[in-house]
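So the structure is just underneath, and the comments pick up after that.
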Amino acid sequence: MTAFPFIVPRLNDPRLTQRRQYGMVIDGKSVSALSGETISRESPGHPGHIVSLIPKGSRADAELAIAAARRAFDNGLWPRMTGSERGRIMNRIADQIEAHIEELATIEALEVGKAISQARGEIGFAVSLWRYAAGHAQGLEGEAHNDLGSNTLGFILREPAGVVGLITPWNFPLLIGSERIPWAIGAGCTVVIKPSEFTSGSTIRMAELALQAGLPEGVLNVITGYGADVGQILAEHPDVDVVNFTGSQRVGRLIGALAGQNIKKVGLELGGKGPQVVFADANLDAAAAKISGGVFHCSGQVCISGSRLIVHESVADALLEKVQAVAERIVTGDPLDDRVNVGALIHQAHLDKVAEYVEQGKTDGARILIGGSRLGNGGAFYAPTIFTEVAPRMTIAQDEIFGPVLTTFRFKTAEDAIRMANDTPYGLSACVWSTNLSTAFQAIRLIKAGRTWINGMGDGAPQLAIGGYKQSGVGRELGKHGFDEYSELKSVHVSLSALAE
Ligand code: NAD
C-alpha cells in the first residue's frame, strides 16, 4: 500500500487563531443579518477550529441588497459613466486584490481547505481577469448598418442588462466571482452576489476592497447565508434582471426553472465528468503529470476535473505506471503549509460521500490501483485514488464524484475513444493527448465540451470563453463573449426620409 506524503496540520499556527467576523456588504455598508444570527465555519483542514462567522441572511436581507442594486442601476452613476471611467475603477480594484493576495489566500486555505500555494495562484489569476475586463469595459460596442436602403440607417445598441444576481459555489469562491463580477459591472450592470455559506469570506473582502478602490455604493452587494434563504430569491425577484448560477446540477435545475417562470436571462455553470483522452503516440511523461494534476488538484473538487482517463490499450499500462508515480508524490495535508500541494475536502459529509463512491466502485467490480482511503487523523483528507477496470455504466464512471478519484478506461480505435468521451450527460471540459495535431484536432471537433485542451490540462486565459455543453450549463463566461451574458441588445431603425419632410 502506498504511503502518501502527508503533513500533519499545525493546530497552533497563529493564522488559525484569528477568527474572522464578517458582515454582508449592502449599499456600501458592512451589516449584520436583520435577525442577528450567524453561521460559523470550521476549517476542514484543522478539526475543531472555527475560523469565521458570517451573517445568516434571510429573504428580508436579500431584498435590501436587491433594492440597493436596483437604485444603483436605475439612478446611480455606474451605468451612466463612460466605459473608460468604469475600467479605471476596475483596474484599481485589481490592484487592491493584488495587494491583498496573502490575506485572501489565507482566508480560502482556512475556509475551503485548499493548499495556500494553490489559493495564491488562483487569486493572482483572478487579478488578471479583473484587468482584462477593465480593458474591455471601454471597448464594448454595438453595430451600425448602412445598407438598409437610401432612407434608413440601423443601429444595434449594447446596453447593460440591469441588476445581476450571482450565486457561487464553495470550491473557488474568489476566482469564480472574478469570472463574473468584472464582466457584469464592466458592462454597466450592478450586482448582488451570494457566495457559498461555507466559504463567504474572500467574496466579502473582495467587495470591501472594491469599495476602497472607488466602486460606488450599491454596485456590488454581498449577501450571505443558506441557498434557500438568500439565493433562490435572486431567481425569483422581479427586480433582478439576470441570474447566474454556478454549482450543482440539482440546484442549477431549480434556478433554471425559476428563471423560466420569471422570464429572466439565466446563466448556469454546472458539473462535469471531464475526459482525458490519450492516443498511442502521446508524450506519456508530459501527459502523466497533467493527468494527475487534472484530477487531483484541489482534491478533485473542480468542475473541470479530468476524472475519466481514456487511454489507448497499447500504452495504458505504461501511462498508468507514470500517473501512479506522479500521484504518489503529491503532498497532502495542512492547507496553511507552503509545501502542501493538496489540502482538505470541503467538509466531513462530502468526504463521506467520496468514500461511499469508492466503496460503490469496488462493489461494482472496479479495481483500486492506488488510494481508496482517508488520510491523517480527523481532518477531511482523502488519498489520491485511481480505479482501473471501470465499465462505462458503473456509477463511478457516470457520476461527478467531486473528489480525488480517477476512473480509467481503455480504447482500441479513435471512434471508441470519442464515443467514450461523450458518454456522460456532462460536457464541461475535455482534453486530448497526441503528438499528431491532426489526430488531436479531429478528436476535439467531435467531443462535446465547452472548454478543451490539446496536450495540456487546466490552463485558463481571460480571453478564452468557458461554459458547458449538454447538461453542464447554459451561457459563456470570460473573453469578449462573456459580456453578452450581462448585456441587452437594442435595435434602432432611423428613417432619414422623415427628416427631409
Ligand atoms: P451547490 O449547488 O450545493 O451550491 C452552489 C451555491 O448555490 C451555493 O452558494 C449554495 O448556497 C447555493 N444554493 C443551494 N441551494 C440553493 C437554492 N435552493 N437556491 C439558490 N441557491 C442555492 O454546489 P456546491 O456544492 O457549492 O458546488 C459543487 C458543485 O458545483 C459541483 O457539482 C461542481 O461541479 C459545481 N461547480 C461548477 C462550476 C462551473 O464553473 N461549472 C464551478 C464550480 C463548481
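The values are calculated or read from the model by the stated rules, or taken from the named source; none is laboratory data. Please read all numbers here as calculations on a predicted model, not as lab measurements. Don't worry about glycine lacking a Cβ; one is built from the backbone with ideal geometry, like all the others, and counts go over all protein chains shown.
Key figures for this structure:
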{"quantity": "Complete set of residues in region 1-27 that are in contact with a helix residue (DSSP H, G or I) (Cβ under 6 Å, 6 or more places away or on another chain), assigned to a loop (DSSP other than H, G, I, E, B) and of a type outside the set (D, E)", "calculated": "Y22"}
{"quantity": "Qualifying residues in region 208-241 (those that are over 18 Å from the mean Cα position of the chain (by Cα) and of a type in the set (G, A, S)) - the one nearest to the ligand (Cβ to nearest atom)", "calculated": "A228"}
{"quantity": "Residue in region 6-26 that is without any contact (Cβ under 8 Å) to a residue 60 or more places away in the chain, surrounded by 19 or more Cβ atoms within 10 Å (Cβ to Cβ), over 30 Å from F381 (Cβ atoms) and not polar (S, T, N, Q) present", "calculated": "no"}
{"quantity": "Per-region count, region 352-381, residues touching a residue at least 40 places away in the same chain (Cβ under 8 Å) and within 16 Å of the ligand (Cβ to nearest atom)", "calculated": "4"}
{"quantity": "Candidates A137, A184, A213, A207 - the one that is farther than 19 Å from V230 by Cβ, among the aliphatic types (A, V, I, L, M) and surrounded by 21 or more Cβ atoms within 10 Å (Cβ to Cβ)", "calculated": "A137"}
{"quantity": "G188 vs. criteria of a type outside the set (K, R) and assigned to a loop (DSSP other than H, G, I, E, B)", "calculated": "yes"}
{"quantity": "Residues that are small (G, A, S) and either more than 27 Å from L129 (Cα to Cα) or not assigned by TED's automatic domain parsing to the domain that holds G225 (or both), drawn from region 63-88", "calculated": "A67"}
{"quantity": "All positions within region 206-236 that are within 16 Å of I97 (Cα to Cα) and of a type in the set (A, V, I, L, M, F, W, C)", "calculated": "M206, A207, L209, A210, L211, A213, L215, L220"}
{"quantity": "Residues of region 408-434 satisfying the condition of being of a type in the set (S, T, N, Q) and more than 16 Å from the ligand (Cβ to nearest atom)", "calculated": "T408, T413, N422, S434"}
{"quantity": "Residues of region 301-351 classified as more than 16 Å from the ligand (Cβ to nearest atom), in a loop (DSSP other than H, G, I, E, B) and either over 23 Å from I7 (Cα atoms) or of a type in the set (F, W, Y) (or both), total", "calculated": "3"}
{"quantity": "Those residues of region 268-297 which are of a type outside the set (F, W, Y), more than 15 Å from the ligand (Cβ to nearest atom) and assigned to a loop (DSSP other than H, G, I, E, B), in sequence order", "calculated": "A280, D281, A282, N283"}
{"quantity": "Selection from region 242-267 of residues that are of a type outside the set (G, A, S), surrounded by 24 or more Cβ atoms within 10 Å (Cβ to Cβ) and within 12 Å of the ligand (Cβ to nearest atom)", "calculated": "V243, N244, F245, T246, I255"}
{"quantity": "Failed item, numbered, when N422 is tested on (1) touching a strand residue (DSSP E or B) at 6+ places or on another chain (Cβ under 9 Å); (2) within 30 Å of R131 (Cα to Cα)", "calculated": "(2)"}
{"quantity": "Of residues in region 196-205 being within 15 Å of the ligand (Cβ to nearest atom) and out of contact with any strand residue (DSSP E or B) (no Cβ under 7 Å at 6 or more places or on another chain), the one farthest from E102 (Cα to Cα)", "calculated": "S196"}
{"quantity": "Meets criteria (modelled with pLDDT of 95 or more, in contact with a helix residue (DSSP H, G or I) (Cβ under 7 Å, 6 or more places away or on another chain) and more than 16 Å from M457 (Cβ to Cβ)) for L309", "calculated": "no"}
{"quantity": "Selected residue (only one of A184, A133 is away from the ligand (no atom under 16 Å from the Cβ), of a type in the set (A, V, I, L, M, F, W, C), modelled with pLDDT of 95 or more and over 22 Å from G343 (Cβ atoms))", "calculated": "A133"}
{"quantity": "Matching residues, region 28-57, being farther than 18 Å from Q348 by Cα and not in a loop (DSSP other than H, G, I, E, B)", "calculated": "K29, S30, V31, T38, L53, I54, P55"}
{"quantity": "S178 being assigned by TED's automatic domain parsing to the domain that holds R86 and within 9 Å of the ligand (Cβ to nearest atom)", "calculated": "no"}
{"quantity": "Residue, surrounded by the most Cβ atoms within 10 Å (Cβ to Cβ), within region 27-45, restricted to residues that are in contact with a Leu (Cβ under 8 Å, 6 or more places away or on another chain) and under 24 Å from G113 (Cβ atoms)", "calculated": "G45"}
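Residue-wise test of (1) under 27 Å from the mean Cα position of the chain (by Cα); (2) in the same structural domain as E313 (by TED's automatic domain parsing); (3) on the phi < 0 side of the Ramachandran plot.
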{"site": "F387", "(1), (2), (3)": "yes, yes, yes"}
{"site": "L406", "(1), (2), (3)": "yes, yes, yes"}
{"site": "A443", "(1), (2), (3)": "yes, yes, yes"}
{"site": "L464", "(1), (2), (3)": "yes, no, yes"}
{"site": "L478", "(1), (2), (3)": "yes, no, no"}
{"site": "H481", "(1), (2), (3)": "yes, no, yes"}
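Here is a yes/no grid of residues against (1) within 16 Å of the ligand (Cβ to nearest atom); (2) at pLDDT 95 or above; (3) among the polar types (S, T, N, Q):
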site	(1), (2), (3)
V112	yes, yes, no
R120	no, yes, no
L148	no, yes, no
L166	yes, yes, no
T190	no, yes, yes
